[in-house]
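Down below is the structure, laid out as structure tokens.
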Amino acid sequence: MKNVVILGSTGSIGANTLDVIRSDRKSFSLLGLAAGNNIELLERQAAEFSPRRLAVAGSGRAEKLRRKTGAGVTVLEGEEGMVELAADPDADLVVVAVPGTAALLPTLAAIERGKDIALASKEILVAAGELAMAAAARSGSRILPVDSEHSAIFQCLRGEQPREVRRLILTASGGPFLDVSRDEMAAAAPAAALAHPRWKMGKKVSLDSATMMNKGLEVLEAHWLFSVPLDRIEVVIHPQSIVHSLIETNDGSLLAQLSLPDMRLPISCALYYPDRCPRPFRQTILSELEGLTFREPDRELFPALDLALRAGREGGTMPAVLNAANEAAGEAFLAGKISFLKIMEVVEAVMAGHRVAAEPDLEAILRADRWARNRAKEIIGREEGNR
Ligand code: MG
């Protein structure tokens with residue numbers, strides 16, 4: 001029986017994780033759930049799974065929740081509450097599914113205590129990959145990917161010698177703007193950018209898929225997760241989202257992982273690791289699949305890919321700056337403050353003004369993150385003034 005804590009239980013990954021646990025209550029025990037502001041759903045989840053601890057974003061919400069839950073449940077608050085939950089001495093596995101870097105400190109706390117991490121929040125390795133991987137190497141914590149592409153690579157790499165792997169190839173659906181003109185993209189409303197053709201996901205990752213920054217962040221995540229240099233990680237467009245990613249071995253063999261898009265598969269790969277879930281949630285029938293196609297991404301229409309690569313090559317605090325600027329610019333787009341194409345212009349401008357600190361500690365990373373958000377807001381404010 002594995003003792004599990006979920007950070008971000010009310011989001012799309014959190015709900016799918018609970019679905020996996022619901023299907024096999026004998027294999028998992030839920031110790032704690034953390035959520036941001038959807039406390040109605042958190043309350044229902046707590047009633048169903050009876051975790052002993054909950055954590056929510058603010059003290060008002062915590063108070064409200066305390067009044068509704070029984071005496072046996074402890075309700076914690078804010079980032080500190082999430083850290084306490086993640087560091088639970090009895091937890092074996094912490095599922096990290098909070099959008100952005102909001103769960104950075106709790107995740108590091110869990111890694112330092114040697115807990116296994118099922119990682120859905122790719123931004124954590126983007127911003128603090130070196131720190132997180134070094135801490136995991138010290139403590140023996142295993143960082144298990146939940147992102148579908150990284151789960152695919154993780155599965156393909158099982159049994160392969162690292163020196164015999166030539167390339168990692170991440171597939172990208174291309175998002176809602178794959179075959180859209182630059183003019184249409186410029187005029188795109190938030191609702192169009194959030195309408196992903198293949199996956200139903202939270203807002204942050206849906207928007208990142210539309211700009212393709214999601215794939216840029218995933219390249220950086222793969223670099224840390226599998227310790228493969230950036231120039232040996234490639235991106236290919238695969239609109240059907242059936243091949244979730246591939247590896248190429250030195251002899252030219254391509255190994256891929258295929259399945260219908262359903263996050264419960266990569267989640268269960270992490271939850272059951274090193275075993276596998278004993279039954280499929282959805283079976284993939286090859287003869288029912290439409291044609292599988294692959295093509296090069298348009299790097300001019302989607303500058304996010306090269307911005308992410310550039311940030312990864314410059315290293316130090318630059319990936320944290322890329323990530324924070326992307327978050328701030330994405331929020332401004334969703335709030336109607338800037339146009340879709342401006343998102344990457346803001347990210348590029350913030351990066352251009354950043355002086356990289358090499359080998360940053362956690363404090364330097366958090367400082368760079370704050371700086372980038374403020375800088376992005378200044379640039380966005382100027383944009384608004386010009387309109
Ligand atoms: Mg992904």
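Since every read-out is calculated from the coordinates, none of them should be taken as a lab result. All of these numbers come straight from a predicted model, not from anything done at the bench. Cβ atoms come from the backbone with ideal geometry, glycine included; neighbour counts cover every protein chain shown.
Things to note:
- Counted charge near ARG67, where neighbours are those whose Cβ lies closer than 13 Å (Asp, Glu -1; Lys, Arg +1): +2
- For the chain, the antiparallel share of DSSP beta bridges with both residues in that region comes to about 30%.
- Around ALA91: net Lys/Arg minus Asp/Glu count, Cβ-Cβ under 14 Å: 0
- In this structure, the amide hydrogen of SER141, modeled 1.01 Å from its nitrogen in the peptide plane, lies closer than 5 angstrom to those of GLY114, counting only residues at least 5 positions away or on a different chain.
- Built amide H within the under 5 Å cut-off of GLN240, gap 5+: THR293
- Prolate/oblate/rounded call for region 311-387, Cα gyration tensor, a/c under 1.5 rounded: prolate
- Residue-wise HN-Hα couplings along region 97-104, as the Karplus relation 6.51 cos²θ - 1.76 cosθ + 1.60 with θ = phi - 60° gives them from phi, are 9, 9, x, x, 9, 4, 9, 4 Hz; Gly and Pro carry x.
- Cβ-based net charge around ALA57, under 10 Å, with every Lys or Arg adding one and every Asp or Glu removing one: -1
- Largest mean-square fluctuation among SER287, SER50, SER268, in a Gaussian network model of the chain whose springs join Cα atoms under 10 Å apart, belongs to SER287.
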